[in-house]
Amino acid sequence: MTYPRAFSHIGLSVPDVDKATNFYKEVMGWYIVMKPSDVVEENKTPIGQMCIDVFGEGWRNLRIAHMVTSDGIGVELFEFPNSESPENNFEYWKNGVFHFSVQDPDIEGMVEKIVAHGGKKRMPIREYYPNEKPYKMCYVEDPFGIVFEIYSHSYEVTYSSGAY
(Lines give C-alpha, C1' and ligand atoms only; values in the text may rest on other atoms or scores of the structure.)
Protein backbone atom coordinates (compact mmCIF):
# COMPACT_ATOMS: atom_id res chain seq x y z
CA MET A 1 0.00 0.00 0.00
CA THR A 2 1.26 3.46 -0.84
CA TYR A 3 0.70 6.26 1.62
CA PRO A 4 2.32 9.68 2.09
CA ARG A 5 5.53 9.50 4.13
CA ALA A 6 6.43 12.20 6.64
CA PHE A 7 9.40 14.44 5.97
CA SER A 8 12.08 13.70 8.59
CA HIS A 9 15.03 16.04 8.06
CA ILE A 10 17.32 17.81 5.64
CA GLY A 11 21.13 17.98 5.70
CA LEU A 12 22.88 21.25 4.87
CA SER A 13 26.60 21.64 4.23
CA VAL A 14 27.92 24.93 5.63
CA PRO A 15 31.41 26.47 5.97
CA ASP A 16 31.05 27.11 9.73
CA VAL A 17 28.66 24.95 11.76
CA ASP A 18 28.83 27.22 14.82
CA LYS A 19 27.83 30.32 12.84
CA ALA A 20 25.15 28.39 10.96
CA THR A 21 23.69 26.99 14.17
CA ASN A 22 23.57 30.48 15.61
CA PHE A 23 21.98 31.93 12.46
CA TYR A 24 19.21 29.34 12.31
CA LYS A 25 18.59 29.58 16.07
CA GLU A 26 18.46 33.40 16.10
CA VAL A 27 16.65 33.95 12.80
CA MET A 28 14.41 30.88 12.45
CA GLY A 29 14.02 30.03 16.12
CA TRP A 30 14.98 26.41 15.50
CA TYR A 31 15.89 24.34 18.55
CA ILE A 32 19.38 22.91 18.99
CA VAL A 33 18.98 19.25 19.89
CA MET A 34 22.67 18.38 19.50
CA LYS A 35 25.31 21.08 19.80
CA PRO A 36 28.09 21.17 17.22
CA SER A 37 30.37 18.20 17.73
CA ASP A 38 33.32 16.57 16.03
CA VAL A 39 33.22 13.27 14.15
CA VAL A 40 36.41 11.62 12.95
CA GLU A 41 36.86 9.07 10.20
CA GLU A 42 37.07 5.68 11.91
CA ASN A 43 35.11 2.44 11.81
CA LYS A 44 34.95 1.64 15.53
CA THR A 45 31.80 3.66 16.34
CA PRO A 46 28.40 3.59 14.65
CA ILE A 47 28.63 7.28 13.60
CA GLY A 48 32.16 6.85 12.23
CA GLN A 49 31.13 3.79 10.21
CA MET A 50 27.92 5.49 9.01
CA CYS A 51 29.89 8.47 7.72
CA ILE A 52 32.35 6.17 5.90
CA ASP A 53 29.34 4.42 4.33
CA VAL A 54 27.90 7.75 3.16
CA PHE A 55 30.99 9.83 2.28
CA GLY A 56 33.43 7.05 1.38
CA GLU A 57 37.00 7.08 2.66
CA GLY A 58 39.23 10.12 2.95
CA TRP A 59 36.88 12.70 4.51
CA ARG A 60 39.03 12.67 7.71
CA ASN A 61 36.72 14.64 10.03
CA LEU A 62 33.64 16.82 10.15
CA ARG A 63 31.58 18.87 12.55
CA ILE A 64 27.87 18.28 12.85
CA ALA A 65 24.93 19.81 14.71
CA HIS A 66 21.27 18.84 14.84
CA MET A 67 18.39 21.31 15.01
CA VAL A 68 14.61 20.93 14.91
CA THR A 69 11.89 23.18 13.50
CA SER A 70 8.66 23.96 15.37
CA ASP A 71 6.89 21.11 13.54
CA GLY A 72 9.57 18.53 14.33
CA ILE A 73 11.50 18.54 11.06
CA GLY A 74 15.19 17.93 11.63
CA VAL A 75 17.98 20.06 10.17
CA GLU A 76 21.47 18.54 10.15
CA LEU A 77 24.28 21.01 9.67
CA PHE A 78 27.58 19.62 8.36
CA GLU A 79 30.94 21.40 8.26
CA PHE A 80 33.71 19.68 6.32
CA PRO A 81 37.34 20.82 6.38
CA ASN A 82 38.34 22.62 3.19
CA SER A 83 34.69 23.01 2.18
CA GLU A 84 34.07 24.86 -1.05
CA SER A 85 31.32 27.33 -1.84
CA PRO A 86 30.13 26.93 -5.42
CA GLU A 87 30.11 30.05 -7.59
CA ASN A 88 26.45 29.47 -8.35
CA ASN A 89 24.58 27.77 -5.52
CA PHE A 90 21.29 27.95 -7.39
CA GLU A 91 21.61 25.60 -10.34
CA TYR A 92 17.87 24.98 -10.58
CA TRP A 93 18.20 23.38 -14.02
CA LYS A 94 20.27 20.49 -12.63
CA ASN A 95 18.65 17.44 -11.06
CA GLY A 96 18.64 17.42 -7.28
CA VAL A 97 17.47 19.65 -4.47
CA PHE A 98 17.74 23.36 -5.23
CA HIS A 99 15.83 24.82 -2.30
CA PHE A 100 13.75 24.13 0.77
CA SER A 101 10.97 26.26 2.18
CA VAL A 102 9.83 27.50 5.58
CA GLN A 103 6.61 29.20 6.61
CA ASP A 104 6.16 32.46 8.50
CA PRO A 105 2.96 34.52 8.60
CA ASP A 106 5.13 37.66 8.93
CA ILE A 107 7.01 37.10 5.69
CA GLU A 108 8.17 40.73 5.50
CA GLY A 109 9.62 40.57 9.03
CA MET A 110 11.31 37.23 8.35
CA VAL A 111 12.95 38.48 5.15
CA GLU A 112 14.17 41.61 6.97
CA LYS A 113 15.61 39.46 9.77
CA ILE A 114 17.42 37.20 7.30
CA VAL A 115 19.01 40.21 5.60
CA ALA A 116 19.88 41.82 8.96
CA HIS A 117 21.75 38.62 9.93
CA GLY A 118 23.85 38.49 6.75
CA GLY A 119 21.51 36.74 4.32
CA LYS A 120 20.14 38.01 1.01
CA LYS A 121 16.74 38.74 -0.46
CA ARG A 122 16.82 37.19 -3.95
CA MET A 123 13.56 38.71 -5.21
CA PRO A 124 10.71 40.97 -4.15
CA ILE A 125 8.04 39.40 -1.95
CA ARG A 126 5.36 38.22 -4.38
CA GLU A 127 1.66 37.37 -4.00
CA TYR A 128 0.29 34.16 -5.51
CA TYR A 129 -3.23 35.51 -5.90
CA PRO A 130 -2.92 39.33 -5.92
CA ASN A 131 -5.99 41.18 -4.57
CA GLU A 132 -7.66 37.81 -3.99
CA LYS A 133 -5.81 35.94 -1.21
CA PRO A 134 -2.95 37.00 1.08
CA TYR A 135 -0.59 34.16 0.06
CA LYS A 136 2.98 35.42 -0.36
CA MET A 137 6.40 33.98 -1.08
CA CYS A 138 10.02 35.09 -1.41
CA TYR A 139 13.32 33.38 -2.25
CA VAL A 140 16.18 34.26 0.09
CA GLU A 141 19.71 33.09 0.86
CA ASP A 142 21.36 32.45 4.20
CA PRO A 143 24.82 33.95 4.89
CA PHE A 144 26.39 30.70 3.63
CA GLY A 145 24.81 30.81 0.16
CA ILE A 146 22.03 28.28 0.77
CA VAL A 147 18.90 29.28 -1.13
CA PHE A 148 15.52 28.78 0.46
CA GLU A 149 11.99 30.08 0.18
CA ILE A 150 9.66 31.71 2.67
CA TYR A 151 5.88 31.11 2.42
CA SER A 152 3.32 33.15 4.32
CA HIS A 153 0.85 30.24 4.43
CA SER A 154 1.01 26.47 4.47
CA TYR A 155 1.82 24.53 1.34
CA GLU A 156 -1.61 22.84 1.36
CA VAL A 157 -3.52 26.11 1.66
CA THR A 158 -1.40 27.87 -0.95
CA TYR A 159 -1.83 25.23 -3.66
CA SER A 160 -5.21 23.65 -2.85
CA SER A 161 -6.97 26.42 -4.78
CA GLY A 162 -5.61 25.08 -8.04
CA ALA A 163 -3.44 26.57 -10.74
CA TYR A 164 -2.23 30.13 -10.62
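The values are calculated or read from the model by the stated rules, or taken from the named source; none is laboratory data. All values reported here derive from a predicted model rather than from experimental measurement. Accessible surface areas use protein heavy atoms only, side chains included; no ligands, DNA or RNA. Shrake-Rupley method; radii C 1.70, N 1.55, O 1.52, S 1.80 Å.
Quick rundown of the values:
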{"item": "Partner lysines for K136 [C-alpha distance under 24 Å; skip if fewer than 8 residues away on the same chain]", "result": "K25, K113, K120, K121"}
{"item": "For the chain, share of DSSP beta bridges that run antiparallel, in % to the nearest 5", "result": "70"}
{"item": "Residues with amide H under 5 Å from that of Y135, placed H, sequence gap 5 or more", "result": "Y128, Y129"}
{"item": "Whether the stretch 90-162 is rounded, prolate or oblate, judged on the alpha carbon gyration tensor where a/c under 1.5 counts as rounded", "result": "oblate"}
{"item": "Solvent-accessible surface (1.4 angstrom probe) belonging to D38, in square angstrom, nearest 10", "result": "120"}
{"item": "Accessible area (Å², per residue) of the chain, counting only protein heavy atoms and a probe of 1.4 Å", "result": "65"}
{"item": "Ranked order, E91, E42, E57, E156 - accessible area, probe 1.4 Å, largest first", "result": "E57, E156, E91, E42"}
{"item": "(1) 11.5; (2) 12.3; (3) 9.8, with the label sought being that of the calculated mean projected area of the Cα convex hull in nm²", "result": "(2)"}
{"item": "Surface accessible to a 1.4 Å probe, W30 within the full protein complex, Å²", "result": "20"}
{"item": "Portion, in percent, of the accessible area of the chain that falls on carbon or sulfur, probe 1.4 Å", "result": "52"}
{"item": "For H9, solvent-accessible area (1.4 Å; no DNA, RNA or ligand), Å²", "result": "90"}
{"item": "Crossing angle, helix 46-55 versus the chain [Cα axis fit, 0-90 degrees, rounded to tens]", "result": "70"}
